[in-house]
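In what follows, a structure is listed as structure tokens, so that the remarks can point back to it.
The values are calculated or read from the model by the stated rules, or taken from the named source; none is laboratory data. Note that the structure is predicted; figures quoted are calculated from it, not measured. So basically every Cβ, Gly included, is an ideal-geometry build from the backbone, and we count neighbours across all protein chains shown.
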């Protein structure tokens, strides 16, 4: 198998795992203003206390794969994205500190709640803005500190905030009962409508702004071959809206929301392939020498199964509803 393509798929898998797994716990921070009682916020924090730091393993893993397997793309993206990346990391730091300190504080708890909300919101917006800037096309090494901040990247930043909040609502439906579950389902129904409209706008905007993506989708019979992606997205959105009714299904909404993420990610990959930096670097141009790629394989084959195993084990052990605010499970 082409090693560069293997690492490209591996990078995509790491990014998708991070977006799905860390997405719902970042989304819980974004939802904080809609859950104002201390008990509700305790419940939200306890529901992710066993997974939030492990979820971020995939961010580190994806960064390592990009750095080791595609050094040219790593250098090109980071050289123009230092500002949003640093802001994102600061947001994640504030969020992590707030998570740990909130459980031990009393008078300062509102400050840590605010820190958790702002850290989650800022980190999510920066991730979406970085994605939008990359999709739009970055001129590696030739941009100013704020040239990544375009109308499209700002829109994708807010779009990712909505998507993470939807995923968090579905997670709360799966992990809670009573009033929290009902409120999460009600918010989720509203967010489904917003995210479906956002997906349409982002798709059309990308097709309009990026000629290569437009050609990929509409050249020959490609549109017919790729038509299942938007059709399935519409179906998943309708099923998700239906399941978040007055008596929501407990687990299915979360998996439907994950399905929406997977379909959106698949559409993005299809449109951009084989580029890592649109208009500049393909995955083969950006890849490290084959000797370096082969050298990485033993570490990948050892650590990737371990990460997957402890992730699955953690979610299996802590499956079910969160019943006790003090202990979590």
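Which condition from (1) under 16 Å from the mean Cα position of the chain (by Cα); (2) free of Cβ contacts under 8 Å to residues at least 60 places away in the same chain; (3) under 24 Å from residue 181 (Cβ atoms); (4) surrounded by fewer than 19 Cβ atoms within 10 Å (Cβ to Cβ) is the one that residue 89 breaks?
Answer for residue 89: the failing condition is (3).
As an exercise: evaluate residue 151 against (1) farther than 17 Å from residue 261 by Cβ; (2) at pLDDT 85 or above; (3) surrounded by 18 or more Cβ atoms within 10 Å (Cβ to Cβ) and give the number of the one condition it does not meet.
(3)
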